[in-house]
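These notes are about the structure you will find just below.
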Amino acid sequence: MLIEQINREWIPFANRVLAIHAPTGAWIILDKSYMDVISEMEKTSDLESVINKFPNLPQSEISDLLRILHNNELRIQESLDSIRKNLDPHILPSLAVAKLTEKCNLNCSYCYIEAGCQKKGMMDEKTAIRIVDEFMEMHKDDRLPLNYSFHGGEPLLNFEIMKKVTEYAKPYRDRLTLSIQTNGTLITDEIAEFLKENKIEVGISIDGPQFIQDASRYYLGGKGSFEHVMRGIKILQKHDVSFGTISVLNGLNAKYINETIDFFLENKIYAISFSPIQKNGRGKDDSNYYVDGDTIFEAYKVILDRIIAHNKTHDRNEWIAERVLSNLIQSIFFNKKTFMCMNSPCGAARKLLGIDVHGNFYACDNFTGDKDFLIGSLEKGHIKDQLLESPIRKKAASRCKENIKRCKDCIWRGLCGGLCYSADYYSGIKEEDETEVCSFYKKIIPYLIGRIAEDPSIPYLIDRAIEDFKWRNIFFSLDASQNEVMDEELFKALLKVHNINDMCKLQVCTSKISNCADFSKILNLLKGKNITYNLVTNDEAIATSESYDLLASANIQAVQVDFTTDGKSINPLIKKFTECRKGKECQIPLYISLVHSPDSLEKTLSDLENLELDENDVIILSNSNDSEKGYETLNILLITLNERGLSKQVKLSAIGQDKLWKKNLIFVLNNTVDDTSCLQIGLDCLAGKTLEQAPPNII
């Protein structure tokens, strides 16, 4: 069939329909007239028959629809893979929320852990440093980024321990991020300089302007904290310390949300986030401040409009961003769950732990101090050993959307983040009933989709990081230049400078792997950063058992070679490589670059038949002759390849669908021509050379 029969929900959406695959959230908005076309595509593998059945639709429109559906299928598969990965029973926490103290100089009305001046508990140096050791030990065999969060109470009341942990952690800072969540009242010039010097990420708890802040965030005697918090913020700004704010979304600032946004902008506070009040700790008695789903939704509609209006008229360094909206945009726009609390199951006991002053660790920061969620203690042994046997962890892992009554039939379940274990637990509602957050997501998700459909620029205005998520083609040469040789440290630095991440199509190119002394180290570096990449080379040295095993262990996606070495003879590397991989546990695909010539049709077909390619191997086909005769023989070649069942193995390079015959529009699905930015990096051009498009025969 041209497309898979996917169980999509069809929802009327303005004058069109929204088709969504509920388990993954992969969606597309289509004209209603396409529903019959899609139904036909699910019945046949002949694109020409579909085109002939709908003569009123241009054939390019039908082939474009097919490509959109194919991309939607890929997104569904990628999302399913991500869901399976998140269900991995061996996942270990990468975030430690360490309560440096139970004590707090404030006595906020809704504090979820009931911190205050009357509490005395302080974490000692041994416990605080042991947390670093435990997390580094748990992740010694991976390169997962780790985070140690200084929390409380008010963590700056235990600043000396914070300094000692920071000093101890210096050897690990290439992968260990340090962060602090503080009420800001105790910040001094000394503390600001320390935070800046040690690159500690800072979060400030503040609910809004003075009449909002002082209403619930006050000292024990009732005096408001606004003036002292603002003093701390001004000190951070004076020392150029980046920070974000977290506001408890409550009945007061939700009512005055415009005034709250005005306050942040007037004070040049651009990174903000809102978190609905929780019904635990002192918050369980603060019913006057509760917000329901409708209230949260109405507040976020205002926040959304304010961000869009502001960011359209200001420089990017003054753009305002709100965490919940940013996470939702990434979920809706990319099907990416970058925030652990939006995963299913959530991060409780799997991606984070809350650790109290005594070294007891809990399923989540929000559960810290609740004996029902106590997993273990540092005094009793290693965190990992206690964690893997914990029934609390197993319970948290079982709470996925497929197992919760209110979620499993919800069409928005693949996109929402309404699965917070603590929010469910402390709300006291039944599993089949909606929480306030759940109700909010059911409204905000279709609302955001509708706004994006009206204005595709919105995702880029809401989350400036999305610019970094645009697919980029990176061509990275390892070849020597004069007397210089690419080494691991330089390669690592270039990855960072050019922001090469998992949204890049990375092609590692070399004429000879011996040109790079740190070849194996570079491959392992890419593996550690989870970057998908191909090796582009014609060096026969890669077809040895030792080299093959190295490539396999480094999680390479494919090896790419030329079809011929001199335009006539088949590249001997192809046969050597396919022979080498026989019997190997890991079957690395081979990508073969073929430049078609009008004069070599029969020989090309004969040579391809003799290659005995694996089903995962790919032929990257381009045309050397832009004449009418050249495209005629190219189309004949494609028809023959399709008849032989190779349509999914052939990708076209720099060949538009306007050059293809009707029978060959099936190949548009695999066409690799795009308008993504391309960058060429090497020893002769460390800054990178921007290309208008990918070189021919590269995918």
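The values are calculated or read from the model by the stated rules, or taken from the named source; none is laboratory data. Computed from a predicted model, the values in this text were never measured in an experiment. Don't worry about glycine lacking a Cβ; one is built from the backbone with ideal geometry, like all the others, and counts go over all protein chains shown.
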**OP:** Name every residue in the stretch 20-41 that is modelled with pLDDT of 90 or more and farther than 30 Å from residue 330 by Cβ, in order of residue number.
**Re:** 36, 37, 39, 40
Subject >> One residue from 151, 139 being within 21 Å of residue 213 (Cα to Cα) and either touching a Ser or Thr at 6+ places or on another chain (Cβ under 8 Å) or in contact (Cβ under 8 Å) with a residue 12 or more places away in the chain (or both) >> reply: 151
Subject >> Pairs with Cβ under 9 Å, 6+ apart, first in the stretch 629-645 and more than 11 Å from residue 663 (Cβ to Cβ), second surrounded by 14 or more Cβ atoms within 10 Å (Cβ to Cβ) and of a type in the set (Ser, Thr, Tyr) >> reply: 630/597; 630/624; 633/597; 633/600; 637/604; 641/647
Original post:
Can you pull out the residues in the stretch 138-165 that are touching a Lys or Arg at 6+ places or on another chain (Cβ under 9 Å) and not in a strand (DSSP E or B)?
Top reply: 138, 139, 143, 144, 145, 152, 153, 154, 155, 157, 158
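Rundown of residues vs (1) free of Cβ contacts under 8 Å to residues at least 40 places away in the same chain; (2) surrounded by 15 or more Cβ atoms within 10 Å (Cβ to Cβ), yes/no style:
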{"residue": "461", "(1), (2)": "no, yes"}
{"residue": "472", "(1), (2)": "no, yes"}
{"residue": "479", "(1), (2)": "no, yes"}
{"residue": "496", "(1), (2)": "yes, no"}
{"residue": "500", "(1), (2)": "yes, yes"}
{"residue": "506", "(1), (2)": "yes, yes"}
{"residue": "525", "(1), (2)": "yes, yes"}
{"residue": "535", "(1), (2)": "yes, yes"}
Original post:
Counting only residues that are under 25 Å from residue 548 (Cα atoms), of a type outside the set (A, V, I, L, M) and in contact with an Asp or Glu (Cβ under 9 Å, 6 or more places away or on another chain), how many does the stretch 456-514 have?
Top reply: 13
Subject >> Number of positions in the stretch 330-371 that are of a type in the set (Phe, Trp, Tyr) and within 28 Å of residue 282 (Cβ to Cβ) >> reply: 4
**OP:** Search the stretch 527-574 for residues being of a type in the set (Gly, Ala, Ser) and closer than 23 Å to residue 680 by Cβ, and hand back the single one that is modelled with the lowest pLDDT.
**Re:** 554
**OP:** Please give the number of the condition residue 196 fails out of (1) more than 24 Å from residue 264 (Cβ to Cβ); (2) within 32 Å of the chain's Cα centre (by Cα); (3) in a helix (DSSP H, G or I).
**Re:** (1)
Subject >> Leading residue by the ranking (farthest from residue 367 (Cα to Cα)) among those in the stretch 264-297 that are in contact with a helix residue (DSSP H, G or I) (Cβ under 8 Å, 6 or more places away or on another chain), of a type in the set (A, V, I, L, M, F, W, C) and assigned to a helix (DSSP H, G or I) >> reply: 265
Subject >> Among (1) charged (D, E, K, R); (2) farther than 20 Å from residue 451 by Cα; (3) surrounded by 17 or more Cβ atoms within 10 Å (Cβ to Cβ), the one test that residue 259 misses >> reply: (3)
**OP:** Go through the stretch 225-242 and give me each residue that's within 22 Å of residue 276 (Cβ to Cβ) and outside any helix (DSSP H, G or I).
**Re:** 225
Original post:
Just a yes or no: is a residue in the stretch 575-584 modelled with pLDDT under 90, over 19 Å from residue 513 (Cβ atoms) and in the same structural domain as residue 520 (by TED's automatic domain parsing)?
Top reply: yes
**OP:** Say whether the condition of being surrounded by fewer than 18 Cβ atoms within 10 Å (Cβ to Cβ), touching a residue at least 40 places away in the same chain (Cβ under 8 Å), over 21 Å from residue 114 (Cβ atoms) and not polar (S, T, N, Q) is met by at least one residue in the stretch 372-381.
**Re:** no
Original post:
Of the residues that make up the stretch 594-610, is at least one in a loop (DSSP other than H, G, I, E, B) and in contact with an Asp or Glu (Cβ under 9 Å, 6 or more places away or on another chain)?
Top reply: no
Original post:
Which is out of contact with any strand residue (DSSP E or B) (no Cβ under 9 Å at 6 or more places or on another chain), crowded, with 18+ Cβ neighbours inside 10 Å, modelled with pLDDT of 95 or more and hydrophobic (A, V, I, L, M, F, W, C), of 212, 235, 180, 204?
Top reply: 235
**OP:** Report yes if some residue within the stretch 394-401 is of a type in the set (A, V, I, L, M, F, W, C), in contact with a helix residue (DSSP H, G or I) (Cβ under 9 Å, 6 or more places away or on another chain), modelled with pLDDT under 90 and surrounded by fewer than 21 Cβ atoms within 10 Å (Cβ to Cβ); otherwise report no.
**Re:** yes
**OP:** Name the one entry in 505, 492 that is among the charged types (D, E, K, R) and assigned to a strand (DSSP E or B).
**Re:** 505
**OP:** Check whether at least one residue in the stretch 477-488 is in contact with a Gly (Cβ under 6 Å, 6 or more places away or on another chain) and not in a helix (DSSP H, G or I), and report yes or no.
**Re:** yes
Original post:
Does residue 170 qualify as being among the basic types (Lys, Arg), modelled with pLDDT of 95 or more and within 24 Å of residue 205 (Cβ to Cβ)?
Top reply: no
**OP:** Go through (1) over 30 Å from residue 460 (Cα atoms); (2) polar (S, T, N, Q); (3) surrounded by fewer than 18 Cβ atoms within 10 Å (Cβ to Cβ) and name the single condition residue 273 misses.
**Re:** (1)
